[in-house]
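Data block below; observations after.
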4 protein chains.
Amino acid sequence: MQGLILKIDCPDQHGIVAKIASYVADYAGNMTEFSQFTDAVNEKFFARVEIDTTHLSVEVEDFIDGFNTLGKSLHATWHFRRLPYKMRTAVLVTKTDHCLNEILWRTKLGEMPIEITSVIGNRDTCRSIAEQAGLPFHLIDMDGDQKEAGFQQIRSILHEEDVELTVLARFMQILPDWFCSEFGGKIINIHHSFLPAFIGANPYRQAYERGVKLIGATCHYVTSDLDAGPIIEQEVKRVQHFHTPKDLMRLGRDCERNAIARGIRYHVNDRTIIQNNRAIVFPD
Amino acid sequence: MQGLILKIDCPDQHGIVAKIASYVADYAGNMTEFSQFTDAVNEKFFARVEIDTTHLSVEVEDFIDGFNTLGKSLHATWHFRRLPYKMRTAVLVTKTDHCLNEILWRTKLGEMPIEITSVIGNRDTCRSIAEQAGLPFHLIDMDGDQKEAGFQQIRSILHEEDVELTVLARFMQILPDWFCSEFGGKIINIHHSFLPAFIGANPYRQAYERGVKLIGATCHYVTSDLDAGPIIEQEVKRVQHFHTPKDLMRLGRDCERNAIARGIRYHVNDRTIIQNNRAIVFPD
Amino acid sequence: MQGLILKIDCPDQHGIVAKIASYVADYAGNMTEFSQFTDAVNEKFFARVEIDTTHLSVEVEDFIDGFNTLGKSLHATWHFRRLPYKMRTAVLVTKTDHCLNEILWRTKLGEMPIEITSVIGNRDTCRSIAEQAGLPFHLIDMDGDQKEAGFQQIRSILHEEDVELTVLARFMQILPDWFCSEFGGKIINIHHSFLPAFIGANPYRQAYERGVKLIGATCHYVTSDLDAGPIIEQEVKRVQHFHTPKDLMRLGRDCERNAIARGIRYHVNDRTIIQNNRAIVFPD
Amino acid sequence: MQGLILKIDCPDQHGIVAKIASYVADYAGNMTEFSQFTDAVNEKFFARVEIDTTHLSVEVEDFIDGFNTLGKSLHATWHFRRLPYKMRTAVLVTKTDHCLNEILWRTKLGEMPIEITSVIGNRDTCRSIAEQAGLPFHLIDMDGDQKEAGFQQIRSILHEEDVELTVLARFMQILPDWFCSEFGGKIINIHHSFLPAFIGANPYRQAYERGVKLIGATCHYVTSDLDAGPIIEQEVKRVQHFHTPKDLMRLGRDCERNAIARGIRYHVNDRTIIQNNRAIVFPD
């Protein structure tokens, strides 16, 4: 399909849908999907629109340009994306490969419209998986006092490879504030959060000792406040007393794979809108 | 909130959303929720719109009347409902009371905007529950050759009490075709369907013998083809080999209570649109 | 069934199952269910045994007495309960009635072998529900400086009514340490925990602002460290951005009802064994 | 761990657990896990026992041999397996690779104690995946009248490679009766069953038209009555009206991957016992 996705948010006001929908109809666009959310608490309007542009009466560029006047009059923030597209995505890893594998497999199957630019690791463990998939692998030394230089190197790679989305697929490094700021809203992390959350070393042992009956994982945008960014997706599984810390890790992996796969999919399909510390998600 | 819910479906065509939203905006209605679905396979458009009419520039009747011209031009089927409202609902039972109890409790709590007109039973078992809740209870004899007369009696009650929705809350009688036709789209049933479905006597014993790992329940609209009407909601639970037929019944009850409660809620909030043999549901 | 449930835990050692099972077989008891868990991390053995005593070759008292020698030789803690039995249970409430209703309904249906001795409230709201169910209702003033006296009063009632289990069914009072100690392992609470947990006032508003995708509830034993006692059962539900704090409360109620019902059922069927800060649960 | 798994089933009778546990204890075996199920309906006893043989007072062979006398006296069927072990497993595929990938990944991670002997396909599509994983790939022509010969060829491969378990990982061929009989209880299939089941061509289109709210997959043992063998595991996911047949296939794949992975894991860890048309499963 030749098309566009429009994401927009603005202060709530009368007639927004009419104005947007009329603009699309005036130039013979066909809205194939329209998702909207009015946050009555914060008086904000959010929408995601898919438009079939096959029969558009103007050039797509002109259609996009012309929206400026309407957008500004609504005091909106908005974004158009052309379809079909593939989002240029870098995957950051350390040793663990289950999230990387999941991303590779779903990408190959066409479930996620991304083009993986490279895999970047601070350990060499995932190199062979990357290379078998025909992807460049960058080994970055981040140990000890190399950490800051390492993040500068990653920054360079992301710029050189024109990366639009960075996925932390079990990347075991805390990101510096400047990095989070520079790539704000473009970094997705998977957090092996036990529920209730366990802080400190060896969370699986803690979960075992506490006898939780559910474990889970959280996929979220990264902000400088690590693990507290807007949540995109969460997943849980039932566990029992006989599950050892090792079993909990195994079941946790399944939660992580599912949550990160859905989280990326929502992001690259423009199904998320960040509002302060939360993410509006229009799931598919 | 003073408001309206508009449900509409029509052949898919360009500019529908713009036309509907503009109509609302033209008379200073405020769309607080807009859910839409384009069925590309069948080329149909479906929408549900919630409109805050507080600042409407015309009388609500005139707003509703005026929509006729637009609706007809779209070759649409549509329906307006005024908010707040409570749907007049009759609950039909036999012996089992768990679905009835669930409905009573959620109604009392304000979770479902219904007004229960009466409880109708072909056994006397649920009389005390109905009466404790301050509701009329009609005992209808449907045994043997009284069945047809019984349904005629129920029909009379539904008309006299001005019933808009009939809920079969474990009502163990097969409805005659004329009854299904007369109240088409206004009868909701809960089916204790095991998955995969077991037909014939004693389904719980069959499920036990087959060793299913999931059981469930299905809430659906009633058509003359019993248990095959449009599905509104389904619910499942995990089971294991040690669950006896009696345990399966217990767990099945929980599935039924949840599925029927959500199914009624969706219906009375106009979140369902029947399309042939399926139900479009905009969940909340 | 005439029978016994044996719960036992002891340091792990060779031959425990053989010794227990042989003891039962020696006196013609029939083990109908045997659940066991060896905690390799802490080198502890836990078991729950259901014994059909119909053909026992000795008196039940003598069977129970005779186990002393074996139990002591294993350095075990153990407990026998005679079947059929109903556990004498008090339900403590404040204003909210959904957990109380769930308990009453499941008790009536025979799903939970308890006998409710009375409902105790620090508000009068649930009186009519209790009385309609034919149960005594005690109103206890716990406001301001009446709190300590109030707990003394509850203590007296629990003793007078020979209560074995106290259920906090949305009882909005923090229990004094002496109360937790005196009834240790015999108080079950339901915690409206959002996941991740939100502390402080108005957790539902906080969950909304944080945009969680899952909410839940936790049923646990009460210890003096409130909300941190051994977890018996947890329940979660998916939520989305459009769920208002009020919706989250509604969905949270469903989590609470399910979790508390299963938690009580496990406890009264002796399916839980407390080990330090966690509960071993043999679910049915 | 040096150890044994014992699976046993026999007519229910007094003292079974005592006899088995005493036999183990008499020769200084340590039961680390004991799972038991008494089927009161059919008067059958089932158990799975894990035994640590580190300190066994006799040779393992002698321990296994000596059990004969007890086993026969109980009129039991039983089986010992030595730990650690890896089950020799063949994976049969056609074109689709998601189940194969899942099996390869979990095997590599050590989640499933299997050794994949080869991948066998009636299409060449999965060859590269197999070869990248260092596994032999056998292409078998089964088209038209080659079908019977094809199954004879597979039979030869299974015998030559000493295969203990055959997994149909989306193998789109109906097995001949003789094949099912010869490898009875040693073939696991994943069935893309929609719930309720749809028969005939294009089940995903049918599910879409019916508007089901849940889809699922079933992992089961293969018997000559295809898709009706004992169920090992089932998995479901929620779907909505907007999910196209293609979406349903995507979500169905996730169900299939999860169900087959758990199903295989249960089988190779001897956690399943087939009883007539159902499988007793002691999950971990």
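The values are calculated or read from the model by the stated rules, or taken from the named source; none is laboratory data. Source: prediction; values computed, not measured. Backbone-built Cβ (ideal geometry, glycine too); neighbour counts: all protein chains shown. Accessible surface areas use protein heavy atoms only, side chains included; no ligands, DNA or RNA. Shrake-Rupley method; radii C 1.70, N 1.55, O 1.52, S 1.80 Å.
Could you sort the peptides D:273-279, C:77-83 by per-residue average Cβ neighbour count (10 Å cutoff), highest mean leading?
Answer by packing, highest mean first, reads D:273-279, C:77-83.
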query: Measuring from a point 7 Å out along Cα→Cβ, what nm distances, shortest first, does residue B:115 have to its partners in the other copies?
result: 4.5, 6.3, 7.6
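Based solely on its DSSP helices, what 222 nm [θ] is calculated for chain B when runs of n ≥ 4 H residues each add -39,500 (n - 2.57) and the sum is averaged over all residues, nearest 500 deg cm²/dmol? If you can, show how the numbers build up before the last one.
On the way: 8 runs with 94 residues, N = 284.
So the helix-based figure for chain B works out to -10000 deg cm²/dmol.
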statement: Cross-link reach from residue B:95 to lysines, straight Cα distance under 20 Å and at least 8 residues apart if same chain, gives B:147, B:246, C:108
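Percent relative contact order of region D:13-110, based on C-alpha pairs within less than 8 angstrom and at least six residues apart?
Numbers: 64 pairs, mean separation 19.2, N = 98.
It comes to 20 percent, rounded to a whole number.
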query: Out of C:40, C:133, C:169, any idea which swings most in a Gaussian network model of chain C, alpha carbons joined below 10 Å?
result: C:40
- request: Normalising by the residue count of chain A, find the relative contact order in percent from Cα pairs under 8 Å and 6+ residues apart.
  value: 15
- prompt: Around residue C:44, what is the net charge, scoring Lys/Arg as +1 and Asp/Glu as -1 over all other residues with Cβ under 11 Å from its Cβ?
  reply: -4
task: Out of all DSSP beta bridges with both ends in chain D, state the antiparallel percent to the nearest 5.
output: 70
statement: Loop-resident GluC sites (Glu not before Pro) in region C:4-108 with no more than 10 other Cβ atoms inside 10 Å, DSSP not H/G/I/E/B, are C:43
- prompt: When chain C is modelled as a GNM with alpha-carbon springs shorter than 10 Å, which of C:74, C:175, C:158 fluctuates the most?
  reply: C:74
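Need one word for region A:58-131: rounded, prolate or oblate. Basis is the Cα gyration tensor (sqrt eigenvalues a ≥ b ≥ c); a/c below 1.5 gives rounded, then a/b vs b/c decides. Don't skip to the end; give the middle numbers.
Values: a/c = 3.98, a/b = 2.69, b/c = 1.48.
It comes out prolate by the Cα gyration axes.
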- request: Can you check what the net charge comes to around residue D:202, using other residues whose Cβ is under 13 Å from the Cβ of residue D:202 (Lys, Arg +1; Asp, Glu -1)?
  value: +2
- line: Rounded to a whole number, the mean other protein chain Cβ count within 10 angstrom for residues of D:33-41 is 6
- prompt: Considering chain D as a Gaussian network with a 10 Å cut-off on Cα pairs, which listed residue, D:127, D:88, D:205, attains the greatest mean-square fluctuation?
  reply: D:205
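Mind jotting down a quarter of the surface of the convex hull over the alpha carbons of the protein assembly as shown, in square nanometres, one decimal? Write down the numbers at each step before the final one.
Details: hull surface 195.5 nm².
The directionally averaged projection comes out at 48.9 nm².
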message: Using a 1.4 Å probe on the protein heavy atoms only, what accessible surface does residue B:139 show? Give it in Å² to the nearest 10.
response: 90
Unsatisfied cross-links (Cα-Cα over 20 Å) in the set A:7/C:237; A:237/D:86; A:7/A:86; C:19/C:72: A:7/C:237; A:237/D:86
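Roughly what % antiparallel, to the nearest 5, for the DSSP beta bridges in the protein assembly as shown? Spell out each step's value before the answer.
Numbers: 164 of 232 bridges.
For the protein assembly as shown, the DSSP antiparallel bridge percentage is about 70.
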message: 7 Å along Cα→Cβ for the label point: how many nanometres lie between residue A:224 and each equivalent label in the other copies, listed shortest first?
response: 4.3, 7.1, 7.3
- request: Quick one: with label points 7 Å out along Cα→Cβ, list the inter-copy distances for residue D:88 in nm, shortest first?
  value: 5.2, 6.6, 7.6
- line: Note on chain D: alpha-carbon gyration tensor, axes a ≥ b ≥ c; rule is a/c under 1.5 for rounded, else prolate if a/b larger than b/c, else oblate; result prolate
message: Can you classify region C:3-83 as rounded, prolate or oblate using the Cα gyration tensor, where a ≥ b ≥ c are the square roots of its eigenvalues, rounded means a/c under 1.5, and otherwise it's prolate if a/b beats b/c and oblate if not?
response: prolate
